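Structure record follows, encoded as structure tokens.
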Amino acid sequence: MAATTKQLIDWDHRYIWHPFTQMEDWLRSDPVIIERGEANYLIDTEGNRYLDGVSSLWCNVHGHRKPELDQALREQSEKVAHSTMLGLGNVPATHLAKRLIDLAPDSVNRVFYSDAGATAVEIALKVALQYWSLRGEEQRTRFVSLTEAYHGDTLGAVGVGYSDAFHRFYRPVLRPSRQIRPPHYYRWLQGQSAEEALQSSIAHAEDVLEACGGVTAAIIVEPLMQGAAGMWAQPPGFLPAIQELARHHGTLLICDEVATGFGRTGEMFAVDHEGIRPDMMCLGKGITGGYLPLAATLISERIFERFLAPYDKFQAFFHGHTYTGNQLAAAVAVANLELFESERIVSRVQSRTERLRDLLAQHVEPLEHVGDIRQRGVMVGIELVRDREQRAPYDPAERMGARVIEEARRHGVIIRPLGNVIILMPPLSISESELDQLVRVTAAAIDKETF
Ligand SMILES: *Cc1c(COP(=O)(O)O)cnc(C)c1O
């Protein structure tokens, strides 16, 4: 079983196609191969330790090898790993559903499970379409979303998260949504103040809904922080305005909390900051503490009831995945939620948020090529620019983001860029001294590469 690192790299290069990766670059690199995890660190096959600065792509919550989660997994595996939810209930998925509904805003009451953020979004979109059709409003077939939104990589999700650079190849089969300009003023609405950007974004949303509100099945948004766009923060007031517009035009509001859910922004869910009451909510990533693939779409009772009908009307929601409600994943998710309570995770995030803000102000903000820092809770985007005054971006050919994260890795920190934006998204369990390490190494890497 034991293979040398060299052997593993050789097989990786020969047999694996990595996600979101230009494989021509990959094949020329010597990748790090992770073998173990220990709290907030990942350890490779050579024994090198790396701080997991992006929570293993935004999903890890309590660190790796968390004893309570390991134990929940072990105990469930001694009962059963998986049984189908088609025609059967199961114990952990039922407990989890009850807990999720207790935690979520009271506007949502039903849980539909799946196994990825993208599928949680697909389910929300399909439920919305079927709901309107069942209500006799077949004209409501369009979706409204934010420009540069990200909702996952399946075709329906790409339709509401369309970006020409990434998705032009699928354009012929997609039905892109109508897009609202987000209140992102650093790059998008340049020259405007935060308040002006907010007002112009809301005005644009009003125009879009005025034009197509009557044919819109749902508005879908990433609440508070548009993650994959490069951490575009939404100022207070934006979500309430979008909710108000959805109500006014009689359409549904879907909040995609796949990235923002489970404490990341300093509340359990991003919608909690302003008391938003969505009709549907998509959850994924942190739901199992970053252990196993599980996702959930939370749906209002009003929508759910519309699907109730005699069998032979064929109005059921004909959707499911083989691993829907997987018991191992659900058991770990329940243990994850118990930890949120017993370790008061959300209030810890609030104190880490302040610490992180101070560290960024001290070490990162003064750097000449840092144009903007956007933070909500422990989600951070650091935008690098060639010229601060002009907000001039680096040419993609310079691979500035990639160079910075490679330099950080040489100093024991794993982070990921989104273009020229460096993302920091540590596990919620990160300690103050690890936070210090994360920010100092990132600052030094930015300083060195942008010099
Ligand atoms: C990551 C993400 C998704 C997709 O989740 P997957 O599990 O990768 O399919 C959807 N929406 C948002 C906001 C995300 O950040």
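Odds and ends about this structure:
- Number of the exception - Arg374 against (1) assigned to a helix (DSSP H, G or I); (2) not assigned by TED's automatic domain parsing to the domain that holds Asp106: (1)
- Contacts under 6 angstrom Cβ, first residue in the range 156-177 being under 19 Å from Phe20 (Cα atoms), partner of a type in the set (S, T, N, Q), 6 or more apart: Val160/Ser145; Val160/Ser177
- If you go through the range 115-146 and keep only what is more than 17 Å from Val173 (Cβ to Cβ), in a loop (DSSP other than H, G, I, E, B) and over 16 Å from the mean Cα position of the chain (by Cα), you end up with Arg135, Gly136, Glu137, Glu138, Gln139, Arg140.
- For the range 276-289, the count of residues that are crowded, with 24+ Cβ neighbours inside 10 Å, among the hydrophobic types (A, V, I, L, M, F, W, C), within 11 Å of the ligand (Cβ to nearest atom) and farther than 21 Å from Tyr323 by Cα is zero.
- So Leu418, is it buried (at least 18 other Cβ atoms within 10 Å of the Cβ) and either within 20 Å of Thr21 (Cβ to Cβ) or modelled with pLDDT of 95 or more (or both): no
- Filtered residues of the range 430-451 (kept if surrounded by fewer than 21 Cβ atoms within 10 Å (Cβ to Cβ) and of a type in the set (S, T, N, Q)): Ser431, Ser433, Gln437, Thr450
Yes or no, residue by residue, for (1) in contact with a strand residue (DSSP E or B) (Cβ under 6 Å, 6 or more places away or on another chain); (2) outside any strand (DSSP E or B); (3) within 18 Å of Thr353 (Cα to Cα):
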position	(1), (2), (3)
His363	no, yes, yes
Glu368	no, yes, no
Gln390	no, yes, no
Pro417	no, no, no
Leu428	no, yes, yes
Val439	no, yes, yes
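- Among the residues of the range 31-44, those identified as in contact with a Lys or Arg (Cβ under 9 Å, 6 or more places away or on another chain) and closer than 21 Å to Ala3 by Cα are Val32, Arg36, Gly37, Leu42, Ile43, Asp44.
- Any hit, the range 328-351, residues being assigned to a loop (DSSP other than H, G, I, E, B), on the phi > 0 side of the Ramachandran plot and surrounded by fewer than 19 Cβ atoms within 10 Å (Cβ to Cβ): yes
- Index of the failed condition, Gln234 passing every other in (1) over 14 Å from the mean Cα position of the chain (by Cα); (2) within 11 Å of the ligand (Cβ to nearest atom): (2)
- Residue in the range 34-42 that is in contact with a Pro (Cβ under 7 Å, 6 or more places away or on another chain), closer than 23 Å to Thr442 by Cα, within 16 Å of the ligand (Cβ to nearest atom) and of a type outside the set (Val, Ile, Thr) present: no
- Any hit, the range 352-360, residues being touching a residue at least 24 places away in the same chain (Cβ under 8 Å), out of contact with any Leu (no Cβ under 8 Å at 6 or more places or on another chain) and within 18 Å of Cys59 (Cβ to Cβ): no
- Condition met for Gln130 (over 27 Å from Arg306 (Cβ atoms) and of a type in the set (S, T, N, Q)): no
- Residue that is farthest from the chain's Cα centre (by Cα), among those in the range 147-164 that are over 22 Å from Ser200 (Cα atoms) and more than 8 Å from the ligand (Cβ to nearest atom): Asp164
- Neighbours by Cβ (under 6 Å, 6+ apart or cross-chain): first from the range 268-295, within 13 Å of Phe340 (Cβ to Cβ); second of a type in the set (Phe, Trp, Tyr) and within 14 Å of the ligand (Cβ to nearest atom): Gly286/Phe262
- Close pairs from the range 431-448: first among the hydroxyl-bearing types (Ser, Thr, Tyr), partner not in a helix (DSSP H, G or I), Cβ under 7 Å, at least 6 apart: Thr442/Val413; Thr442/Ile415; Thr442/Ile422; Thr442/Leu424
- Note on the range 150-223: enclosed helices (runs of 4 or more DSSP H) holding 3 or more residues that are at pLDDT 95 or above are 155-160, 194-212.
- Scan of the range 17-74 for residues that are part of a loop (DSSP other than H, G, I, E, B), under 24 Å from the mean Cα position of the chain (by Cα), on the phi > 0 side of the Ramachandran plot and not aromatic (Phe, Trp, Tyr), ordered by number: Gly63, Arg65
Yes or no, residue by residue, for (1) under 17 Å from Ala233 (Cβ atoms); (2) of a type in the set (D, E, K, R):
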position: Trp132; (1), (2): no, no
position: Glu138; (1), (2): no, yes
position: Val160; (1), (2): no, no
position: Ser163; (1), (2): no, no
position: Pro176; (1), (2): no, no
position: Gln179; (1), (2): no, no
position: Ser201; (1), (2): yes, no
position: Glu210; (1), (2): no, yes
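The values are calculated or read from the model by the stated rules, or taken from the named source; none is laboratory data. Worth saying up front: this structure is predicted, and the values here are computed from it rather than measured. Neighbour counts run over all protein chains shown; Cβ positions are idealised from the backbone, glycine included.
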